[in-house]
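A quick write-up on the structure given underneath.
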Amino acid sequence: MPDANAPKINKGLDGIYVSESKICKVDGLNGKLYYRGYPIDDIAANCSFEEASYLILHGTLPNRGQLDEFSKSLSAERDLPTLVVDVIEDTASEKDPMHVLMSAVSLLPAFDEEADDAGEDANLRKSIRIISKMSSIVAAIGRYRNEGEEYVPPDKSLDHVENFMYMLNGKKPTKQEYDIMRIMFLLQLEHSSNASTFSAMVTGSSLSDIYSAVTSAIGTLKGPLHGEADEMALKMIEAIGNPDNTEKYIEDALAGKQRIMGFGHRIYKTYDPRAKILKKYLLELQEHSAEDVRKLTEIALRAEKMMIDKLGASHGIWPNVDFFAGPLYTAAGIQIDLFTPIFAASRATGWCAHLLEYWKENKLIRPLEYYTGPLDLKYLPIGERQ
Ligand code: ACO
């Protein structure tokens with residue numbers, strides 16, 4: 001019998017506002033995204049990682065002096081405690097990189113004298129530490145996953161993205177590799193109250209510490225419905241193998257009720273503006289790309305057309321930020337299971353900014369659930385149970 005008292009339940013908190021924020025506006029109907037009021041196209045075209053990270057954390061674009069100081073404080077925090085490097089060395093070759101990342105980040109407070117200082121200034125310093133060290137951790141994971149590769153200590157004279165690529169490859173990136181990674185870091189920096197950011201806020205709302213909140217967020221980002229979709233999307237493109245197989249593959253997958261990774265979004269019911277930027281950039285790269293990247297791109301474009309024809313306007317399922325990421329990362333020489341850890345290293349800025357903002361007017365996040373089980377059952381001693 002239907003329950004007349006049942007409240008309206010918004011599964012997945014779909015359509016529910018949980019807080020006010022001045023950090024990021026996602027306009028899902030018009031396909032627009034703003035970081036602190038600046039359109040994402042301008043950010044992608046003009047900003048360094050340091051500038052955008054400062055903007056998200058502080059709310060305004062830095063002037064020259066502020067940018068220099070912020071860049072210096074980020075680069076000063078790149079070193080990792082020896083124990084963290086040892087854990088990565090012991091685990092990275094066999095374990096899921098996201099598990100290794102989560103474990104490594106959860107160790108950081110053990111080496112931070114300010115770990116339990118909940119003051120605003122200390123939390124800002126810890127944010128910078130986390131943003132900086134997470135990139136070093138991901139680079140170290142990337143090294144130790146490959147036999148014979150050792151940890152490469154940071155080069156503090158390089159900028160954030162350049163240093164990440166240097167620590168990952170043991171050499172500075174080419175201009176093309178740098179440009180791709182700058183765009184990837186920028187477009188994944190922040191995205192309002194998405195699942196992983198909300199996860200960080202839930203943990204933070206109990207007045208737990210920033211390291212615990214970021215560790216929660218990493219665990220949430222790991223799921224294929226969220227951050228891991230970039231890896232799954234490239235695996236699908238690789239599985240299609242030959243461009244001429246694309247349409248049949250997608251047709252069969254949809255007939256089998258499979259989700260096509262890299263498409264669909266809770267908020268965007270039109271083309272994700274980040275995916276538009278990535279697609280444009282991928283197309284611009286084509287004539288300078290290797291054969292494998294050109295083939296991945298051709299498959300991706302045919303899959304995109306097929307999905308838009310079938311589910312775009314009719315169901316509001318369009319490419320999201322994860323779809324074109326794979327071919328671009330491949331062009332930058334990034335191995336597939338580092339995609340989500342890199343996403344995490346970039347999104348660390350957004351997670352920390354939301355925590356700093358939420359803590360200004362903190363309230364414990366504790367939603368309701370509507371109980372539909374039985375009541376007043378009689379306790380039976382174990383010997384009397386069937
Ligand atoms: N392929 C095929 N069908 C899809 C897809 C997809 N990618 N996405 C949604 N649908 C269908 C669902 O099967 C469902 O159909 P039904 O009503 O017939 O059961 C309907 O659309 C609604 O799906 P929900 O999951 O309820 O919608 P929601 O708004 O929660 O979806 C989500 C958002 C989870 C991202 C979904 O689109 C999806 O699973 N996409 C694939 C994974 C992905 O790319 N995730 C990355 C998102 S961006 C990010 O997190 C960085």
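The values are calculated or read from the model by the stated rules, or taken from the named source; none is laboratory data. Here the structure is a predicted model, which means the values were calculated and not measured. When we count neighbours, we look across all protein chains shown, and the Cβ atoms used for this are built from the backbone with ideal geometry, even at glycine.
Tell me whether region 48-65 contains one or more residues that are more than 25 Å from residue 358 (Cβ to Cβ) and surrounded by 14 or more Cβ atoms within 10 Å (Cβ to Cβ).
Scanning region 48-65, I find at least one residue that is more than 25 Å from residue 358 (Cβ to Cβ) and surrounded by 14 or more Cβ atoms within 10 Å (Cβ to Cβ), so the answer is yes.
Check 369, 357, 384, 361 and return the single one that is surrounded by 10 or more Cβ atoms within 10 Å (Cβ to Cβ) and of a type in the set (D, E, K, R).
357
Run down 299, 336, 260 and say which single residue is farther than 19 Å from residue 177 by Cβ, in contact (Cβ under 8 Å) with a residue 24 or more places away in the chain and either of a type in the set (Asp, Glu) or touching a Leu at 6+ places or on another chain (Cβ under 8 Å) (or both).
Within the list 299, 336, 260, the selection yields 260.
Which of (1) closer than 30 Å to residue 142 by Cβ; (2) of a type in the set (Val, Ile, Thr); (3) within 15 Å of the ligand (Cβ to nearest atom) is the odd one out, the single condition residue 270 does not satisfy?
(1)
Would it be correct to say that residue 100 is of a type in the set (Val, Ile, Thr) and within 19 Å of the chain's Cα centre (by Cα)? Even if it seems obvious, please write down each step before you answer.
Numbers: of a type in the set (Val, Ile, Thr): yes; within 19 Å of the chain's Cα centre (by Cα): yes.
Yes, satisfied.
Can you tell me which residue within region 106-124, out of those that are under 24 Å from the mean Cα position of the chain (by Cα) and in contact (Cβ under 8 Å) with a residue 40 or more places away in the chain, is surrounded by the most Cβ atoms within 10 Å (Cβ to Cβ)?
Ranking the qualifying residues of region 106-124, first place goes to 108.
I'd like to check something: does region 173-182 contain any residue that is assigned to a helix (DSSP H, G or I), under 18 Å from residue 351 (Cβ atoms) and not hydrophobic (A, V, I, L, M, F, W, C)?
So far as region 173-182 goes, no, none of its residues is assigned to a helix (DSSP H, G or I), under 18 Å from residue 351 (Cβ atoms) and not hydrophobic (A, V, I, L, M, F, W, C).
Given the conditions (1) more than 30 Å from residue 110 (Cα to Cα); (2) more than 9 Å from the ligand (Cβ to nearest atom), report the number of the one that residue 200 does not fulfil.
Every condition holds for residue 200 apart from (1).
Is one or more of the residues making up region 319-330 at pLDDT 95 or above, over 29 Å from residue 161 (Cα atoms) and either outside the structural domain of residue 30 (by TED's automatic domain parsing) or within 16 Å of the ligand (Cβ to nearest atom) (or both)?
No, that holds for no residue.
Would you confirm, using the coordinates I've provided, whether residue 170 is among the small types (Gly, Ala, Ser) and within 22 Å of the chain's Cα centre (by Cα)?
Details: among the small types (Gly, Ala, Ser): yes; within 22 Å of the chain's Cα centre (by Cα): no.
Considered against the rule, which asks whether it is among the small types (Gly, Ala, Ser) and within 22 Å of the chain's Cα centre (by Cα), residue 170 comes out as no.
Given (1) within 12 Å of the ligand (Cβ to nearest atom); (2) closer than 23 Å to residue 182 by Cα, where does residue 293 come up short, assuming only one miss?
(1)
Would you pick out the residues in region 223-261 that are within 9 Å of the ligand (Cβ to nearest atom) and under 20 Å from residue 292 (Cα atoms)?
230, 232, 233
Identify all residues within region 187-242 that are free of Cβ contacts under 8 Å to residues at least 24 places away in the same chain and closer than 14 Å to residue 365 by Cα; write none if there are none.
Across region 187-242, the qualifying residues are 199, 203, 208.
Out of the residues in region 1-43 meeting the condition of being assigned to a helix (DSSP H, G or I) and within 16 Å of the ligand (Cβ to nearest atom), tell me which one is surrounded by the most Cβ atoms within 10 Å (Cβ to Cβ).
40
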